[in-house]
Amino acid sequence: MHLGRPSRVTKSDVKRVLRAPKEVRTQSIPAQLAIHNIDISERQMVRKIKEYSYGGYIHKAAYYKDELSPQNEVDRVKYGQMHSGKSIDDFWKWIVFTDEFHYNPTALPDPIILREAGTRYDDDNIVARPPRKTSFVLHGAGWVNWHQKSERLIFWKDDKVEKTTKAQTNKLKRLLKEQLPPRPKKPRQSKYETTEDYQPRLEQYTKDIEQWQLRYPPPTIQQPRGNSMTQLYYTEHILPDYITAIEQLQARFHHDFYLEEDGDSSHETRTQGPATQARERRGIKTHWHPAYSPDLAPIEAAWNILKQRLRQIPGVNTMSYEEVIELAQSIWQSIKMEEIRKRIADMPRRCELLVKSGGKRIKGQDW
């Protein structure tokens, strides 16, 4: 027996609200009530959602950063096929996963959406991430492996990487041009010059242009993500730490280890230059990683742990650059190897999912 007036909101009303398009469910509760033409207060609606659903509320939304191109999906399927069936002991524990991360202490919070508990990673609840404000950005690098992780992170300061206006971007371009030597000019073959005589000049030009390009920062210098490392900087300041780690692991376990790098232009994974020469000179073997695939790099999961714990520190957005670095180092050292291994252990399953889904992105609770 029910006492009092019957509710103006039925269970079917709640289901209709929870099953609305994500563009509706990312709005405020009053806005959603107006869209659905439900004439009750926000407080009443929240109470009814909790009553008629499993933990329904305004929760954090999972997000995707960008869309994969058809070629990306083909490459990801290829990766899944190459490594499906490979076990931790046979394969994954011998990979050294490396990467750089970028953290903005004043970044916007994660997006929210009306949904039931436990459904954050359902396709209907994943939304596009809003643009982030860039002020002071922390840039760091490190590595993880089944056996251990880097003892300390490498940090560098990039004062030029900001979200600039068009005028500021053009000013930066002019500044870079002034700092660079003139671009080498391609020699022309004289009609009186034989091919044999011309060929050495052409080869020298090719070498000169490669050295010139190495000193030019990649286009991402103008992006708010803020990674303006040149190939030379990466080769001199970041890569040696990765190479030393692999050599020490190989000496310890008497087994080959493989270096995984993403497709960042500073890593020079597709061209010949100082980074490639440094790897080859030390006999470092590499593990191919498809482009735009952070969901296939356990180091990204480690960065997620680091960033989540940084966000939980009160007042982190008011700390100085040096204070945030010290805090990040402390948090990194507190991350347990069990947490790292849990993410690496998910790689066999993720490779199988790639093949089944046609290369679609993979989202999970841990990563």
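The values are calculated or read from the model by the stated rules, or taken from the named source; none is laboratory data. Given the structure is predicted, the values throughout are model-derived calculations rather than measurements. All Cβ positions, glycine included, derive from the backbone under ideal geometry; neighbour counts span all protein chains shown.
Okay, residues lined up against (1) of a type in the set (D, E, K, R); (2) exposed (fewer than 15 other Cβ atoms within 10 Å of the Cβ); (3) at positive phi:
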{"position": "Glu322", "(1), (2), (3)": "yes, yes, no"}
{"position": "Ile331", "(1), (2), (3)": "no, no, no"}
{"position": "Ile335", "(1), (2), (3)": "no, no, no"}
{"position": "Arg341", "(1), (2), (3)": "yes, no, no"}
{"position": "Met347", "(1), (2), (3)": "no, no, no"}
{"position": "Leu354", "(1), (2), (3)": "no, no, no"}
{"position": "Gly358", "(1), (2), (3)": "no, yes, yes"}
{"position": "Asp366", "(1), (2), (3)": "yes, yes, no"}
Subset of segment 7-19 that is buried (at least 16 other Cβ atoms within 10 Å of the Cβ) and under 38 Å from the mean Cα position of the chain (by Cα) - its residue that is nearest to Ile113 (Cα to Cα) = Leu18
key: The one condition in (1) within 15 Å of Glu300 (Cα to Cα); (2) assigned by TED's automatic domain parsing to the domain that holds Met82 that Ile325 fails to fulfil   = (1)
request  = Sort out which residues of segment 7-32 are free of Cβ contacts under 8 Å to residues at least 60 places away in the same chain and not in a loop (DSSP other than H, G, I, E, B), and write them in order of number.
outcome  = Lys11, Ser12, Asp13, Val14, Lys15, Arg16, Glu23, Val24, Pro30, Ala31
query = Can you find a residue in segment 318-333 that is under 19 Å from Ser87 (Cα atoms) and without any contact (Cβ under 8 Å) to a residue 60 or more places away in the chain?
reply = no
key: Set Phe97, Phe101, Phe91: member being without any contact (Cβ under 8 Å) to a residue 12 or more places away in the chain, more than 26 Å from Ser12 (Cα to Cα) and in the same structural domain as His255 (by TED's automatic domain parsing)   = Phe91
request  = Working only within segment 22-56, note down all residues that are under 24 Å from Gly364 (Cβ atoms) and exposed (fewer than 14 other Cβ atoms within 10 Å of the Cβ).
outcome  = Tyr54, Gly55
task = At least 3 residues that are touching a Phe, Trp or Tyr at 6+ places or on another chain (Cβ under 6 Å) and buried (at least 19 other Cβ atoms within 10 Å of the Cβ) in each: list the strands (runs of 3 or more DSSP E) lying fully within segment 69-129 that qualify.
result = 95-103
task = Assess whether Ala301 counts as being touching a helix residue (DSSP H, G or I) at 6+ places or on another chain (Cβ under 6 Å) and modelled with pLDDT of 95 or more.
result = yes
request  = Mind counting the residues in segment 46-81 that are more than 20 Å from Arg349 (Cβ to Cβ), at pLDDT 75 or above and of a type in the set (Asp, Glu)?
outcome  = 1
ask   = Name the pairs: first residue in segment 279-294 and on the phi < 0 side of the Ramachandran plot, second residue assigned to a loop (DSSP other than H, G, I, E, B) and of a type outside the set (Asp, Glu), Cβ to Cβ under 7 Å, at least 6 apart or on different chains?
value = His289/Ala297; Ala291/Gly263
request  = Report yes if Tyr216 is under 13 Å from Gly273 (Cβ atoms), modelled with pLDDT under 65 and surrounded by 10 or more Cβ atoms within 10 Å (Cβ to Cβ), otherwise no.
outcome  = yes
